[in-house]
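Report on one structure; see the data block that follows.
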């Protein structure tokens, strides 16, 4: 379960304070698929960074599973992040490593043995439809294929939560829907998925829960067409 409890986040720039999130609260249950929507600057990416503890809230409390993110020490962050897979708009693949090596690298960082890596990496690349391209480098893959490698990398540690931050922003419509279908399948298999997007078309087609942000505030929490006023 993910809990945001009266969370605010402000950034100080010299004498000026910029508020990115203001007193937001919501709960995401295990195995939910939730879209977080809003225009640029609404606070979507701030929520992503708070969930991964790249940043800490100015006020409020954030819980992810058994972790109280506010109280985590820096040496405890790798353990938290093994429960989270993150997918970015710009893929963030290592250009000098092929698809296999990009996915394997996530396991190497986690200290997994080579026997596990040899077993798991082909399995997850097959799941995303890229087993026949595991030796290709990012420059040899299309945008949709690169995002599939990024999804495989995010899934390799069997996380409880997948956070997809504008994952289709650089893709054409065909690849966009392939990536969305893949995220739905990952969710169907039991992983919580949080999709940050500004695409109304995607949100409407998904027919899943939507948390709407505007100017750092939750303005609506909508569950499959049922509006919950906040």
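Values as computed for the structure displayed
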| read-out | value |
| --- | --- |
| Flag for residue 189 being touching a strand residue (DSSP E or B) at 6+ places or on another chain (Cβ under 8 Å), farther than 21 Å from residue 27 by Cβ, surrounded by fewer than 18 Cβ atoms within 10 Å (Cβ to Cβ) and modelled with pLDDT of 90 or more | no |
| Filter result (outside any helix (DSSP H, G or I) and surrounded by 17 or more Cβ atoms within 10 Å (Cβ to Cβ)) within the stretch 123-136 | 128, 130, 134 |
| Some residue of the stretch 146-157 being without any contact (Cβ under 8 Å) to a residue 40 or more places away in the chain, assigned to a helix (DSSP H, G or I) and under 23 Å from residue 84 (Cβ atoms) | yes |
| Residues that are under 17 Å from residue 81 (Cβ atoms) and assigned to a helix (DSSP H, G or I), drawn from the stretch 103-122 | 103, 105, 106, 107, 108, 109 |
| Pair list, Cβ < 8 Å and 6+ apart or interchain, from the stretch 76-103 residues that are closer than 21 Å to residue 160 by Cα to residues that are modelled with pLDDT of 95 or more and exposed (fewer than 15 other Cβ atoms within 10 Å of the Cβ) | 102/94 |
| Filter result for residue 164 (assigned to a strand (DSSP E or B) and in contact with a helix residue (DSSP H, G or I) (Cβ under 8 Å, 6 or more places away or on another chain)) | yes |
| Residue list for the stretch 165-186, restricted to those being under 16 Å from residue 33 (Cα atoms) and buried (at least 18 other Cβ atoms within 10 Å of the Cβ) | 165, 166, 167, 179, 180, 182, 183, 186 |
| Residue satisfying all of: in the stretch 1-40; touching a residue at least 12 places away in the same chain (Cβ under 8 Å) and assigned to a loop (DSSP other than H, G, I, E, B); surrounded by the most Cβ atoms within 10 Å (Cβ to Cβ) among these | 38 |
| Among residues of the stretch 44-69, those that are surrounded by 15 or more Cβ atoms within 10 Å (Cβ to Cβ), in contact with a strand residue (DSSP E or B) (Cβ under 7 Å, 6 or more places away or on another chain) and not in a loop (DSSP other than H, G, I, E, B), counted | 13 |
| Test: residue in the stretch 76-85 that is surrounded by 15 or more Cβ atoms within 10 Å (Cβ to Cβ), on the phi > 0 side of the Ramachandran plot and at pLDDT below 95 | no |
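The values are calculated or read from the model by the stated rules, or taken from the named source; none is laboratory data. Computed from a predicted model, the values in this text were never measured in an experiment. Neighbour counts are summed over all protein chains in view; Cβ atoms, including those assigned to glycine, are modelled from backbone coordinates with ideal geometry.
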